[in-house]
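Remarks on the structure that follows.
The values are calculated or read from the model by the stated rules, or taken from the named source; none is laboratory data. Owing to the predicted nature of the structure, the values given are computational and were not obtained by experimental measurement. When we count neighbours, we look across all protein chains shown, and the Cβ atoms used for this are built from the backbone with ideal geometry, even at glycine. Accessible surface areas use protein heavy atoms only, side chains included; no ligands, DNA or RNA. Shrake-Rupley method; radii C 1.70, N 1.55, O 1.52, S 1.80 Å.
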Amino acid sequence: MASVPTFALPPSFLGITRRDPEAAFCIAGIPFDLGTTNRSGARFGPAAIRQASRMLVDGDHPHWWIDPAALPVADIGDFAIALGDIPQSLALIEAQAARIGHLIALGGDHTVTLALLRAAAKRHGGPLALVHVDAHVDTWPDNFGQPYGHGSVFYHAIEERLVDPRRMVQMGIRSPMRKDIYDWTVGKGVTIVTAQDVHEHGPAAVAGQAAAIVGDAPAYLSFDIDALDPAFAPGTGTPEIGGLTTWQAQAILRQLEPAQFIGMDVVEVAPPYDAAEITALAAATVAWEYLALVGARQSRGYPTVR
Ligand code: MN
Ligand code: MN
């Protein structure tokens with residue numbers, strides 16, 4: 001039988017050819033890495049994630065038994081950014097995200113999430129619940145004197161009331177950090193689940209904890225690929241050892257079925273430091289897991305929020 005092999009599909013996410021932003025789910029890349037504080041390169045993340053995603057098109061998801069590529073999903077290409085200008089880029093990204101219903105964003109460094117949360121909170125009329133998977137809390141008030149950057153995303157998201165810190169959980173945390181920043185974060189009501197917590201208690205326990213925290217509020221998923229151990233995600237700007245394995249991340253995502261997700265991003269894939277597409281494939285699979293999860297929720301009759 002002659003057919004197009006997976007590696008020769010169009011270089012879009014999952015080889016999707018649909019491009020219209022009216023689709024129920026939209027994939028967009030955000031090729032921005034000006035907010036990195038260590039190794040840059042995440043501007044090349046969207047292309048690498050799309051390239052690797054074509055490994056995932058030859059069957060149904062083996063837990064949810066749906067094919068994410070068969071959902072009403074479009075790949076609308078990459079967002080425009082203002083090269084060299086962080087605040088202007090944030091404004092541009094927010095304006096583009098505001099036109100999309102349910103957005104799955106491929107980063108880009110973590111700075112972009114602030115713009116995505118601004119758009120999502122406005123759309124849903126108030127602070128969102130948040131599942132934030134990361135090695136870092138990203139609640140620093142600034143980045144080496146710059147107000148906006150990938151380490152201060154959730155400081156601003158909390159201060160701007162884009163997220164409700166009492167309905168916010170951070171999972172995989174383990175980096176060196178300042179104690180006063182840790183205390184500020186916890187003091188706001190954020191639940192921190194360390195990587196060690198995941199290792200000691202297991203994915204089911206921490207996913208159950210996360211689902212209870214977000215409850216039935218509109219929830220956003222922000223997945224920094226450096227939550228994974230560098231063995232599973234070497235291609236990232238600020239790697240930290242002792243992280244999650246890919247199977248742990250998959251198991252956690254699959255057990256977040258109760259959460260009412262309205263959007264997600266996967267960020268910080270920096271292909272120049274990747275090896276054998278390990279990191280790009282991990283990120284593509286996280287987005288694919290997410291699509292399968294929200295698609296399965298829809299087919300099981302959960303209320304849909306756009
Ligand atoms: Mn991080
Ligand atoms: Mn981060």
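Give the carbon-plus-sulfur fraction of the accessible surface of segment 34-170 in %, rounded to a whole number; probe 1.4 Å, heavy atoms of protein chains only. Before the final figure, lay out the partial values.
Details: 2700 of 5200 Å².
Carbon-and-sulfur percentage of accessible area, whole number: 52.
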Segment 54-145: trypsin sites (Lys or Arg not before Pro) in DSSP loop, at most 13 other beta carbons within 10 Å: Arg99
Normalised contact order of segment 122-175, rounded percent, pairs of Cα under 8 Å and 6 or more residues apart: 49
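What is the magnitude of the charge dipole of the chain about its Cα centre, with +1 placed on the Cβ of each Lys and Arg, -1 on the Cβ of each Asp and Glu, and no other charges, expressed in debye to the nearest 20?
Result for the chain is approximately 620 debye, rounded to the nearest 20.
From Cα pairs below 8 angstrom and at least 6 apart in sequence, can you work out the relative contact order of the chain, rounded to a whole percent? List each step's numbers first, then the result.
Working: 698 pairs, mean separation 65.2, N = 306.
Relative contact order for the chain comes out at 21 percent.
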Among 261-270, 70-79, 224-233, the order from most to least packed when residues are scored by Cβ within 10 Å on average: 261-270, 224-233, 70-79
Trypsin sites (Lys or Arg not before Pro) lying in DSSP loop within segment 245-301, provided at most 14 other Cβ fall within 10 Å: Arg300
Distance between segment 172-187 and segment 1-57 - C-alpha centres, whole angstrom: 33
Kyte-Doolittle mean at least -1.0, axial Cα span of 27 Å or more - DSSP H helices of the chain: 278-299
GluC sites (Glu not before Pro) within segment 120-204: DSSP coil, no more than 13 neighbouring Cβ in 10 Å: Glu160
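What does the C-alpha gyration tensor say about the overall shape of segment 188-283? Classify as rounded when a/c is under 1.5, otherwise prolate if a/b is larger than b/c, or oblate.
It comes out prolate by the Cα gyration axes.
Using a/c under 1.5 as the rounded threshold, could you call segment 18-136 rounded, prolate or oblate? The axes a ≥ b ≥ c are square roots of the C-alpha gyration tensor eigenvalues, and prolate needs a/b larger than b/c, oblate otherwise. If you can, show how the numbers build up before the last one.
Values: a/c = 1.65, a/b = 1.33, b/c = 1.24.
Prolate, since a/c reaches 1.5 and a/b exceeds b/c.
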The chain: C-alpha gyration tensor shape, a/c 1.5 cut-off, then a/b vs b/c: rounded
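From the P(r) of segment 145-191, could you give the percentage of C-alpha pairs in the tail past 14 Å? Could the numbers behind the result be given before it?
Numbers: 584 of 1081 pairs.
Roughly 54 percent, rounded to a whole number.
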GNM result for the chain, Cα springs below 10 Å: residue of His136, His102, His201 fluctuating most strongly: His201
Exposure rank, largest accessible area first [Thr245, Thr17; 1.4 Å]: Thr17, Thr245
For segment 146-257: relative contact order, % (alpha-carbon pairs under 8 angstrom, 6 or more apart): 26
